[in-house]
Amino acid sequence: MGKFIFITGGVLSSLGKGVTSASIGTLLEKMGYKITFLKLDPYLNIDPGTMNPYQHGEVYVTEDGGETDLDLGHYERFTNVVLSKKNNMTAGKLYFRLLEKERKGEFLGATVQVVPHFTNEIIKSIEDVVSDNVDIALIEIGGTVGDMESLSFLEAIRQLALRIGKENALFIHLTYVPYVKVAGELKTKPSQHSVRELRAIGIQPDILICRAEKPLPTGIKKKLALFTNVDENSVFSAPDIDTIYRLPLYLKKENLDKVIAKYLNIEYREPDLKDWESIVESLSSLEDKVNIAIVGKYIELKDAYKSIIEAFTHSQIVNKVKVNLKWINSDELTEDNIGEKLGDVDGILVPGGFGERGIEGKILTAKFARENNIPYFGICLGMQVAVIEFARNVAGLKNANSTEFNEYTPHPVIDLMPEQKNIDKKGGTMRLGAYRCILKEETKVREIYGEPVIYERHRHRYEFNPKYRPILEEKGLVVSGIYEEKNLAEIIELPNHRWFVACQFHPEFKSKPLNPHPLFVDFVKATINYKKEKKISIRE
Ligand code: GLN
C-alpha cells in the first residue's frame, strides 16, 4: 500500500494549491519516489469540458483525452508523471457512477446515502490512482474548507486516513495569512478558523503552508502552531515569488521535504534540484525582450490560457529572452485599427476558442500577419482562422468559413467530419487527446521537431475540410502534418513567409520547463530574429 498526502485549502481560493501540490511532487520525485496526483473537484459537472473559461479557466487535456482541471497541467509540468482521465474526479462524475450502480441494482434493499455510499465512491477513486509502483499519491481537494460541497470529500479522506493509519497519511493545509496595512500586522485569525473547520470534521492538519506576501516571522509561525495544534516546525510560509518554478526550491530551503519524510516515515534522500535551479536562474536573468500579441476573446482571464503562458515561459529559458505578452481582444479588431494594435509586435499567436464572437477579428489577424510577414503561430482555432483567411483572400473563395460560424457558407473549408455530424451530445465528444501526426519532409515543422512522427493533444470538433485541401495547396498553402488514419490536416505552414505555422492540436499541453515545446521555442526564436531585422531596416 502506498502513502497518501492530502492537500486542502483554507480561507480563500486562488492561493496556488495546484502549484504547491505540484512543487511537493517535484521534491518527492527528486527524492527518488514514484508519485501520482489526483485532483478531486467538488462541483457537479462531469468534467470541466462544458464550462466557459471564465468559470473555470483552461481545460487541460491529458494524453488519453481527459478534459481536466488546469491543476493537472501544473502537476505534469513540475514532474515526470503522465496523467490520465482518472487523475481528475468531480463530484458529478462520482455521483454519476454511483447512480448507475443504483440503477443496476447493486444496492438493492438499501437507502443510498452520501455517507457511506458516496464517500466510498470517493475513496475508491483515490485508491484507483495508486497502482503497485506508486509510492506516494498526492490528493488535492478542490475548493476551500468550509464550502458545503467539499464536506463529503473531507469526510472521505478522513475515513481513508483512519483506515490506512497515521504513517501512511499526511494532511497538508494551505492557508492565507493577510497583512493588514492599517494595523501593520499579519493576521492569523482566518487560518485559525480554517483549521478549526477542518478539526470539526475530524481532520487535524499535520503541516500548514501559509501564503503571505512575505515570509512569516517566527513569532507568527509560533502563534499559528499554538492555536492550530500543529508542530512549530511544521508551519511553513510560502511568500509571493518571482516565478512559480522557484517554489520547490523555496520549500526545500524551508525543509518541507525533511518534515514530509518524517511524517510519512520514509527514507529521506536529498532531492537533486540542480536542473530546477538552473531554470530559475535563467528565468530571473533575462535581459532582452520580445513582444508577442495573443489575440483571443477570454483575455480578461489569464487562466483561460494557462498552458500557453507557461509554454512561453519555458521558451524563454532556451531563447534567453523575456517574452512580453500583449493581450488583444479579437472582438475589438477592425481593418482600421489592426495596424495600430498589432503593428509593433514581434509575433502573433491566435489561440484556441469556441463560438462565433470575435472570429472576424481573428481572421483579420491571420491576414495581417500573412501580408506583413509577421511571425504567426495558430493553435487549434488559430489554425482554422488561418485556413479561412487563406481560402478567402489567396484562393479567392468568397465567404469561405467554418460551419461552426456559418452553417450556410458556400465554402466550408472548416467543417464537421461525418463521424462528428451525428453526435447530439456536447460533453466529451470532441476529438480529444493524443493523436499521431506524420510530418512532411522538407517542411519547417519537420525541421523544428527533428523527427518524422509526433504525438500531440487535441480538443476540437471541426477539421480542415479535406475537400478543400488541393485547392489551397495549389495556391501555396503547405499541409506539413497529417493524421494519416483519417487523412486530416494537423499542421499548415506558409513557405514564403518568415514564420507562419498553425496546428490543429494544442502543443502547449506538452511543454515543460525542463523540456520546452519545440514549436514555442522556434516561434520565439523567429520573433527575436524579426525584431533584429526590424531594427536593422530602421537604421538603414
Ligand atoms: N471551435 C473549434 C473546434 O471545435 C476550435 C476548438 C479549439 O480551438 N480548441 O473545432
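For the subset of the stretch 54-84 comprising residues that are more than 16 Å from G142 (Cβ to Cβ) and assigned to a helix (DSSP H, G or I), which member is modelled with the lowest pLDDT?
Step by step, filter the stretch 54-84, then rank; the result is Y54.
Looking at the stretch 133-148, which of the residues that are not in a loop (DSSP other than H, G, I, E, B) and not small (G, A, S) is most open to solvent (accessible area, probe 1.4 Å)?
Out of the qualifying residues, it is M148.
Restricting to the stretch 427-474, give me the number of residues that are closer than 30 Å to F96 by Cα and in a loop (DSSP other than H, G, I, E, B).
Total meeting the criteria: 5.
Consider only pairs whose beta carbons are under 6 Å apart and that are at least six residues apart or on different chains; among these, list those whose first residue lies in the stretch 237-257 and is hydroxyl-bearing (S, T, Y) and whose second residue is assigned to a loop (DSSP other than H, G, I, E, B).
As it stands, the answer is S237/P215; S237/L216; Y245/P513, since those pairs meet every condition given.
Tell me the strands (runs of 3 or more DSSP E) entirely within the stretch 168-263 that contain at least 2 residues that are under 30 Å from the mean Cα position of the chain (by Cα) and among the β-branched types (V, I, T).
Ranges flagged: 169-176, 207-212.
Give just the number: which of (1) modelled with pLDDT of 95 or more; (2) under 23 Å from L264 (Cα atoms); (3) not hydrophobic (A, V, I, L, M, F, W, C) does H193 not satisfy?
(2)
Can you find even one residue in the stretch 349-367 that is modelled with pLDDT under 95, more than 25 Å from the chain's Cα centre (by Cα) and within 11 Å of the ligand (Cβ to nearest atom)?
There is no residue in the stretch 349-367 that is modelled with pLDDT under 95, more than 25 Å from the chain's Cα centre (by Cα) and within 11 Å of the ligand (Cβ to nearest atom).
In the stretch 3-28, what count of residues is obtained for those that are open to solvent by less than 10 Å² (accessible area, probe 1.4 Å) and in a loop (DSSP other than H, G, I, E, B)?
Of the residues in the stretch 3-28, 1 are open to solvent by less than 10 Å² (accessible area, probe 1.4 Å) and in a loop (DSSP other than H, G, I, E, B).
Give me a count of the residues in the stretch 484-504 that are open to solvent by 30 Å² or more (accessible area, probe 1.4 Å) and either over 16 Å from D415 (Cα atoms) or aliphatic (A, V, I, L, M) (or both).
5
Out of G427, G433, I need the residue that is within 15 Å of the ligand (Cβ to nearest atom) and open to solvent by less than 30 Å² (accessible area, probe 1.4 Å). Which one?
Of the residues listed, the single one that is within 15 Å of the ligand (Cβ to nearest atom) and open to solvent by less than 30 Å² (accessible area, probe 1.4 Å) is G433.
Hey, can you tell me all the residues within the stretch 407-420 that are within 13 Å of the ligand (Cβ to nearest atom) and either of a type in the set (A, V, I, L, M, F, W, C) or free of Cβ contacts under 8 Å to residues at least 24 places away in the same chain (or both)?
Scanning the stretch 407-420 gives V413, I414, L416, M417.
Residue pairs, Cβ under 8 Å, 6 or more apart or interchain, first in the stretch 83-102 and open to solvent by 60 Å² or more (accessible area, probe 1.4 Å), second aromatic (F, W, Y) and modelled with pLDDT of 95 or more. List them.
Y95/F118
K181 fails exactly one of the following numbered conditions: (1) under 25 Å from P271 (Cα atoms); (2) exposed (fewer than 13 other Cβ atoms within 10 Å of the Cβ). What is the number of that condition?
(1)
When you scan the stretch 31-64, how many residues do you find that are on the phi > 0 side of the Ramachandran plot and either hydroxyl-bearing (S, T, Y) or open to solvent by 10 Å² or more (accessible area, probe 1.4 Å) (or both)?
Number of matching residues: 1.
I'm trying to understand the selection: among the residues of the stretch 371-403, which are open to solvent by 50 Å² or more (accessible area, probe 1.4 Å) and either among the basic types (K, R) or within 16 Å of the ligand (Cβ to nearest atom) (or both)?
R392, K398
Can you tell me which residue is farthest from the ligand (Cβ to nearest atom) among those in the stretch 326-336 that are open to solvent by 30 Å² or more (accessible area, probe 1.4 Å) and either within 16 Å of I292 (Cβ to Cβ) or in a loop (DSSP other than H, G, I, E, B) (or both)?
D336
Select from the stretch 518-528 the residues that are over 14 Å from V290 (Cβ atoms) and surrounded by fewer than 23 Cβ atoms within 10 Å (Cβ to Cβ) and list them in ascending order.
Of everything in the stretch 518-528, just one residue is over 14 Å from V290 (Cβ atoms) and surrounded by fewer than 23 Cβ atoms within 10 Å (Cβ to Cβ), namely P518.
In this structure, is T79 of a type in the set (V, I, T) and crowded, with 22+ Cβ neighbours inside 10 Å?
yes
Under 6 Å between Cβ atoms, at least 6 apart or on separate chains: pull out the pairs that start in the stretch 132-150 with a residue that is at positive phi and end on any residue that is in a helix (DSSP H, G or I).
G143/S150; G146/E197
Among the residues of the stretch 281-305, count how many are under 14 Å from L349 (Cα atoms), open to solvent by 30 Å² or more (accessible area, probe 1.4 Å) and not in a strand (DSSP E or B).
0
Residues are listed down the side, and each one gets a yes or a no for (1) among the charged types (D, E, K, R); (2) within 15 Å of the ligand (Cβ to nearest atom); (3) modelled with pLDDT under 95; (4) over 15 Å from L381 (Cα atoms):
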site: N422; (1), (2), (3), (4): no, no, yes, yes
site: I448; (1), (2), (3), (4): no, no, no, yes
site: H458; (1), (2), (3), (4): no, yes, no, no
site: G481; (1), (2), (3), (4): no, no, no, yes
site: I492; (1), (2), (3), (4): no, yes, no, no
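Out of all the residues in the stretch 13-49, which are polar (S, T, N, Q) and closer than 18 Å to K86 by Cα?
Across the stretch 13-49, the qualifying residues are S21, T36, N45.
Of everything in the stretch 423-445, what is aliphatic (A, V, I, L, M) and touching a Ser or Thr at 6+ places or on another chain (Cβ under 8 Å)? Give them in sequence order.
Residues satisfying the conditions are I423, L439, V445.
Taking the stretch 460-479, which residues are within 16 Å of the ligand (Cβ to nearest atom) and not aromatic (F, W, Y)?
The answer is H460, R461, E463, N465, P466.
Quick check on my filter: what residues within the stretch 189-226 are surrounded by fewer than 22 Cβ atoms within 10 Å (Cβ to Cβ) and polar (S, T, N, Q)?
Those that are surrounded by fewer than 22 Cβ atoms within 10 Å (Cβ to Cβ) and polar (S, T, N, Q): Q192, Q204, T218.
The values are calculated or read from the model by the stated rules, or taken from the named source; none is laboratory data. Everything quoted here is computed from the prediction, not taken from an experiment. All Cβ positions, glycine included, derive from the backbone under ideal geometry; neighbour counts span all protein chains shown. Remember, those area values only see protein heavy atoms, side chains included, never the ligands or the DNA or RNA. Shrake-Rupley method; radii C 1.70, N 1.55, O 1.52, S 1.80 Å.
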